[in-house]
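What follows is a set of notes on a single structure, which appears directly below.
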Amino acid sequence: MKFAPFAALGLALAAVTAPAAALAQDTATPAPAPAFSIDTPIETLMADERAKAVVTANFNGMDITQHPAYEQFKSLSLKALAPFSQGLITEEMLAKIAAELAAIK
């Protein structure tokens, strides 16, 4: 029971110094994450006209939503689909798409 006042004092000090510690932290707002990336599910990309235009342009105008296997791969990201694309989706292509998707605000 002798330690109860010390415990209460410790809690009180923590409560008083906590706001000061919070103010001392960096208050800079982090940059918002890009709306889309090559890790975004393909169906999400295809649901946005801007992202769909980027993907379609990089697939030589082909609308991948018309692909016969679209229902099977739409939940994957472009990055996850690349190894199964038989070389259609290259690292260079992913890098270009990633840069263009990052530019979408």
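Here is the figure for region 46-58: residues that are aliphatic (A, V, I, L, M), surrounded by 14 or more Cβ atoms within 10 Å (Cβ to Cβ) and over 15 Å from M93 (Cα atoms) total 1. Among residues of region 69-82 that are of a type in the set (S, T, Y), those with a Cβ under 9 angstrom from a residue that is modelled with pLDDT of 95 or more and not in a helix (DSSP H, G or I), sequence gap 6+ or separate chain, pair up as S75/P41; S77/S37; S77/I38; S77/D39; S77/T40; S77/P41. Across region 47-92, which residue is farthest from A103 (Cα to Cα) among those that are charged (D, E, K, R) and outside any helix (DSSP H, G or I)? My answer is K74. Scanning region 46-56 for residues that are free of Cβ contacts under 8 Å to residues at least 24 places away in the same chain, of a type outside the set (D, E) and out of contact with any helix residue (DSSP H, G or I) (no Cβ under 6 Å at 6 or more places or on another chain) returns A47, A53, T56. Being surrounded by fewer than 10 Cβ atoms within 10 Å (Cβ to Cβ), modelled with pLDDT of 65 or more and out of contact with any helix residue (DSSP H, G or I) (no Cβ under 6 Å at 6 or more places or on another chain): is that true of E43 here? In short, no.
Table: residues versus (1) among the aromatic types (F, W, Y); (2) surrounded by fewer than 13 Cβ atoms within 10 Å (Cβ to Cβ); (3) in contact with a Cys (Cβ under 6 Å, 6 or more places away or on another chain); (4) more than 16 Å from P41 (Cα to Cα).
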position	(1), (2), (3), (4)
N60	no, yes, no, yes
E71	no, yes, no, no
P83	no, yes, no, no
M93	no, no, no, yes
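The values are calculated or read from the model by the stated rules, or taken from the named source; none is laboratory data. All of these numbers come straight from a predicted model, not from anything done at the bench. In this analysis, Cβ positions are derived from the backbone assuming ideal geometry, glycine residues included, and neighbour counts consider all displayed protein chains.
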